[in-house]
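Okay, structure first, notes after.
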Amino acid sequence: MPKHERSQKHKDFEEEALPHLDLLFNFARKMTNSSEDASDLVQETYLKAYRFWHSYEKGTNIKAWLFRILRNTYINRYRKESKGPDEVDFESVQNLNHKSNGHGTPPLDQALGSLMEDDVSTAIASLPDDFRTVVILCDIEGLSYEEIAEFVECPIGTVRSRLHRGRRFLRTQLLEYARKRGYANKSN
Amino acid sequence: MNCNSYQELITGAVDGELTQEEKRFLSLHLEGCAGCRSEYDSEISLKTFLRETMLGHDAPADLLKAVSDDLRGQMAASPGSWVDRWKEAFSAPFARPALALGLTVVLAIIFLTGQPSNDIIDQSLARYEMVTEETFTVQYASSEPAILKTFFEARTDFPVLIPEMKDCKLLGGVLDQNPNGAVAEVLYDHASEHIFLSQISWNSLGKEGSLSIEADVKEQLLKENLFIRTMPNGNSVVLWKKGATLCAAVSTMSSDDLIYCLTSGDPELLSQH
C-alpha cells in the first residue's frame, strides 16, 4: 500500500473506529467484570479491526462491526478457558422459566435498594453469555432491539426472549444477594 | 391464554418495543391481572435500577494510549501487499529501469518482515485460521447450497464451487473483497473439523490486484489438475482447478481424508488427470 494510502487508512480508522472505545470498554467491562480483562479485550479488538479494516464496508454500522469482533474475541478467549458454568446457568434459566411465571415475586424496589454496585456486577457476570450480552446492550447501553439484533446477528424476537429470560434470571440472583445482605423480604 | 404467554410482551412493553396492536392486547390483559401488573412493575424497576447503578465507566486513559500505540506499530510494520508495493515502485517516474531492483527489495522486505505473502496457499491458510477462530463470522450462513450459490453469483465473476460432500455440513460463505481481488470462501463442518474452500478466478491468478501462485504449483496444476501439500502443523492444503475456478481446500484433516471428502462432492476431482 502506498504510504499516503496507508496514512489515509490510519486516519480513517482513527476517525471512525476509535471514538467507540468507551462503548466497547464498557461492554467488555460488564461482560468480564474486570477492568483489566476489558482493557485487554478492547486492545485485541482494535488490533484485529485495524488489520481487517479493508473488510469493513463503509457506511454500514461501525459500532456493530466492532462489537462483533469484540464479541468473537471474547468468546474465543473465554469459551476456551471455561466451558462448564454457562451450561449450568443456562439450565437454571430454562427451569426458572418453566417453573415460574413471575407471579408472587415481591416488589423489587426495596430489595434492590440494599444492594451494592459490586453485587450487581457479580449478578450480571453470572448470566450466561447470550443473555448477559442482550441485558447489557439493552438495559445499560440503551440500544434498541433492532440495533441489538444487528450487533448479535439474531432475529429481534430472539433479542426479546433472551432479554426476558435474562432479566428473570438476574432478578432472582439480585433478590438472593439482597437476602444475604440482610434484607428480609416481608412475603417470606 | 395464560399469563405465561404475556411475559415476553411485558418485556417488550418495558423497553417500548411493542406494536400498537401488541400494546392493546397486553393492556387488556393487564387491566384484569394483578399478577402481570406487578411483573411489569418489577421489570421496570429492574431496568431503571440497572441503568442507574451500572453507569458507564470511561475507558481508562492509558487504554486509548495503548490502542493508539498498537495502531502506530501496525502501520509501521505493515509492508502493504506485494501488488501495492509493485505498483508503488512502478508509478515512480524513474522507477521503470529500476524495476527489477525494486522487486528484489520488495521481496526482501516481505521475506524479512515475515508478512504473509500474496500466495494463494499462504492466504488460504491465514484466512482459514481467521474464519475458524471466528475473527470473522460467515456473512451468509446457509445449509442450503443453492442459496449460498445465489449469494456468490451476484458478487463474483467466476463460478463458485459449493460441492455437496458426504457427511459434511455447509456452514456458510464469506466474500473476502481484499485488495488482492475477490476471494470466495465456503466453510463446512465435518465431524467438528472444518473444511475451508478458498476460491479465486483462475484467469486472474498472478495478475495485478489478484493472488499469486508458485510457478511449480501452477505447473503441476496444469499437468495434473491437483496439488497437495501437508503443512508443518499437520494442516492439509489441496488445490485443484475446475473450469475457470481455482479452489484451495484447507483443513486440519489429513490430506487423504480431505481428498476423500472432496471427491465425495466432486467425483471428477481424481479422475480428471
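Among the residues making up segment B:48-101, those that are acidic (Asp, Glu) and either open to solvent by less than 70 Å² (accessible area, probe 1.4 Å) or at pLDDT below 80 (or both) are B:ASP58, B:ASP69, B:ASP70, B:ASP84, B:GLU88.
In the set B:LEU246, B:LEU262, B:LEU269, B:LEU239, only one residue is buried (at least 19 other Cβ atoms within 10 Å of the Cβ) and either among the small types (Gly, Ala, Ser) or within 13 Å of B:LEU125 (Cα to Cα) (or both); that residue is B:LEU239.
Of all residues in segment B:203-236, how many are open to solvent by less than 60 Å² (accessible area, probe 1.4 Å) and over 23 Å from the mean Cα position of the chain (by Cα)? First the steps, then the outcome.
Of all residues in segment B:203-236, those open to solvent by less than 60 Å² (accessible area, probe 1.4 Å) come to B:204-206, B:209-213, B:217, B:221, B:225-227, B:231, B:234-236.
Now drop any that are not over 23 Å from the mean Cα position of the chain (by Cα), which leaves B:217, B:221, B:225-227.
So the answer is 5.
Take the residues in segment A:108-143 that are without any contact (Cβ under 8 Å) to a residue 60 or more places away in the chain and facing chain B (nearest Cβ under 7 Å), then tell me which one is most open to solvent (accessible area, probe 1.4 Å). Result: A:ASP109.
For segment B:249-258, which residues satisfy the criterion of being out of contact with any Phe, Trp or Tyr (no Cβ under 6 Å at 6 or more places or on another chain) and either crowded, with 20+ Cβ neighbours inside 10 Å or modelled with pLDDT of 90 or more (or both)?
Keep residues of segment B:249-258 that are out of contact with any Phe, Trp or Tyr (no Cβ under 6 Å at 6 or more places or on another chain), which gives B:249, B:251-258.
Across segment B:249-258, the qualifying residues are B:ALA249, B:SER251, B:MET253, B:LEU258.
Which members of segment A:21-45 meet the condition of being more than 10 Å from every other protein chain (Cβ to nearest Cβ) and either modelled with pLDDT of 90 or more or open to solvent by less than 20 Å² (accessible area, probe 1.4 Å) (or both)? Walk me through how you get there before you give the answer.
We begin by selecting, within segment A:21-45, every residue more than 10 Å from every other protein chain (Cβ to nearest Cβ); these are A:31-34, A:37, A:41.
If the condition is that a residue be more than 10 Å from every other protein chain (Cβ to nearest Cβ) and either modelled with pLDDT of 90 or more or open to solvent by less than 20 Å² (accessible area, probe 1.4 Å) (or both), then A:MET31, A:ASP37, A:LEU41 are the ones that fit.
When segment A:144-155 is filtered for residues that are open to solvent by 30 Å² or more (accessible area, probe 1.4 Å) and at the interface with chain B (Cβ under 8 Å from one of its Cβ atoms), the ones remaining, listed by number, are A:SER144, A:GLU153.
The helices (runs of 4 or more DSSP H) found wholly in segment B:3-75 and carrying at least 1 residues that are more than 7 Å from every other protein chain (Cβ to nearest Cβ) and farther than 18 Å from A:CYS138 by Cα occupy B:20-32, B:34-53.
Could you identify the single residue in A:LYS80, A:LYS63, A:LYS48, A:LYS99 that is out of contact with any strand residue (DSSP E or B) (no Cβ under 7 Å at 6 or more places or on another chain), at pLDDT 85 or above and within 12 Å of chain B (Cβ to nearest Cβ)? If you could, list the steps in order and put the result at the bottom.
Numbers: A:LYS80 fails: at pLDDT 85 or above; A:LYS63 fails: within 12 Å of chain B (Cβ to nearest Cβ); A:LYS99 fails: at pLDDT 85 or above.
Answer to the check: A:LYS48.
Of the residues that make up segment B:148-169, is at least one assigned to a strand (DSSP E or B), away from chain A (no Cβ under 14 Å) and open to solvent by 20 Å² or more (accessible area, probe 1.4 Å)? So that I can check it myself, show each step before the final result.
First, pick out the residues of segment B:148-169 that are assigned to a strand (DSSP E or B): B:169.
Now narrow it down to the ones that are away from chain A (no Cβ under 14 Å): B:169.
After this cut, where a residue has to be open to solvent by 20 Å² or more (accessible area, probe 1.4 Å) as well, the list is B:169.
Within segment B:148-169, one or more residues are assigned to a strand (DSSP E or B), away from chain A (no Cβ under 14 Å) and open to solvent by 20 Å² or more (accessible area, probe 1.4 Å).
For beta carbons closer than 8 Å, sequence separation of 6+ or different chains, a first residue in segment B:195-218 that is charged (D, E, K, R) and a second that is outside any loop (DSSP other than H, G, I, E, B), the qualifying pairs are B:GLU208/B:VAL83; B:GLU208/B:TRP86; B:GLU208/B:LYS87; B:GLU214/B:ASP119; B:GLU214/B:ILE121.
The values are calculated or read from the model by the stated rules, or taken from the named source; none is laboratory data. Please read all numbers here as calculations on a predicted model, not as lab measurements. Heads up, the Cβs are rebuilt from the backbone with ideal geometry, glycines too, and the neighbour counts pull from every protein chain shown. Areas reflect the complete protein model, heavy atoms only, side chains present, ligands, DNA and RNA absent. Shrake-Rupley method; radii C 1.70, N 1.55, O 1.52, S 1.80 Å.
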